1. Farthest toward the dipole's positive end in the stretch 85-162, which of Met124, Ile154, Thr104, given Cβ charges of +1 (Lys, Arg) and -1 (Asp, Glu) about the Cα centre?
2. Please give the net charge around Ile7, taking every other residue with its beta carbon less than 12 angstrom from that of Ile7, where Lys and Arg add +1 and Asp and Glu add -1.
3. Give the lysines whose C-alpha is closer than 18 Å to that of Lys168, dropping any in the same chain fewer than 8 places away, or say none.
4. Between Asp40 and Asp241, what length in nm is gained on full extension when 0.36 nm per residue of separation is reduced by their alpha carbon distance?
5. Ignoring ligands, DNA and RNA, what percent of the 1.4 Å accessible area of the chain is carbon and sulfur?
6. Give me, ordered by chain and number, the residues 5 or more places off Leu151 or on other chains with an amide H under 5 Å from its own placed amide H.
7. Sum up the charges of everything whose Cβ sits under 9 Å from the Cβ of Phe74, counting Lys and Arg as +1 and Asp and Glu as -1, but leave Phe74 out.
8. Using label points projected 7 Å from each Cα along Cα→Cβ, tell me how many nm separate Thr163 and Ala86, to one decimal.
Amino acid sequence: MSKVLFIDSTPDIDRLWKQVHRPDDIPIAIKLGGRVAPDDVPKAVEGYDTVIDDATYFSDETLGRCRGLKHIVFLGTGAASFIDLAAAERHGIKVSTIRGYGDTTVAEHAMGLVFAAARHIATMHAMMRAGGWRPMQGMELRGKTLGIVGLGGIGREMARLATGVGLKVLAYNRSAIADSPAPMVGIDELLAQSDIVSLHLGLNDDTRGFLDRARLGKTRRGVILVNTARAGVVDETALVDLLRSGHVGHYATDVFAKEPTPPDEPLLALDNVTLTAHAGYNTPEAAMTMYRRAIDLAAAG
């Protein structure tokens with residue numbers, strides 16, 4: 001039987017975890033305290049062959065020092081942001097991810113960002129908290145066009161929600177889709193026709209910088225860009241320039257190149273942004289589904 005450690009649980013996670021982990025499940029040791037510092041990881045995992053990882057970084061060097069580690073179960077889909085996957089393969093460490101657990105939850109967050117950006121909700125909230133008052137003119141969504149980039153589970157849920165709001169929906173996917181819930185178009189056509197673009201791409205070597213300066217320049221002036229995927233799918237330097245010029249009217253994002261965001265994060269200095277702290281996946285319903293799958297993956301080895 002595998003010896004399993006949940007390396008970086010938190011009190012909030014633990015509260016839900018205890019509702020999911022059953023008496024007949026594989027025993028799992030719990031280390032509370034959140035993300036573990038890189039130098040402390042090898043000692044923490046000593047004696048365990050399987051680790052469940054929420055937000056701890058496993059670099060090549062760290063993986064090389066984790067003697068006996070055979071399997072990492074990453075809580076989510078974006079393992080590449082926290083684990084050097086090529087290094088894990090070289091070291092013979094299997095990495096499992098959990099897909100589909102939060103399709104509805106993340107899509108609902110993305111739609112919330114659409115509303116917030118279209119009506120400047122966060123901007124007016126901040127002004128009023130600071131003692132100001134400025135009724136800002138927003139965008140009525142009905143009849144506008146939403147372009148969905150990436151038509152996996154989250155993208156499909158986004159299409160369902162957007163249709164209910166009265167948005168016209170276009171979709172682009174890197175591979176062919178037989179049963180698309182929306183008309184499929186090329187990426188250039190989607191960018192040119194969309195009032196709002198919502199990103200739902202996984203991050204890999206092929207999608208890193210997918211929305212580069214050239215593609216961002218093909219969007220409509222004043223476009224709203226929503227990102228609940230990964231920061232790396234957008235060229236941030238180009239994005240910041242286009243936000244400053246007004247070509248991109250608003251950027252609403254739940255994901256950042258560095259998390260937590262450092263004080264010098266360029267997006268923090270802009271007015272035409274709405275920022276949330278990588279919480280799109282974070283509902284009890286999605287979390288409990290994810291934890292259940294993590295337990296099963298750890299048990300399977």
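The values are calculated or read from the model by the stated rules, or taken from the named source; none is laboratory data. Predicted model, so just to flag it, every value in this text is computed and none were measured. Reconstructed Cβ throughout: ideal geometry from the backbone, glycine too, with neighbour counts over all protein chains shown. Heavy atoms of the whole protein, side chains included, go into the accessibility calculation; ligands, DNA and RNA do not. Shrake-Rupley method; radii C 1.70, N 1.55, O 1.52, S 1.80 Å.
1. Met124
2. On the way: positive: Lys31, Arg35, Lys43; negative: Asp8, Asp40, Glu46, Asp53, Asp54.
Neighbourhood net charge equals -2.
3. Cα-Cα hits under 18 Å: Lys144.
4. Extra length available between Asp40 and Asp241 comes to 68.5 nm.
5. 51
6. Counting only residues 5 or more places away or on other chains, the set is Arg174.
7. Details: positive: none; negative: Asp53, Asp54.
Around Phe74, the surrounding residues sum to -2.
8. For the pair Thr163/Ala86, the computed spacing is 4.1 nm.
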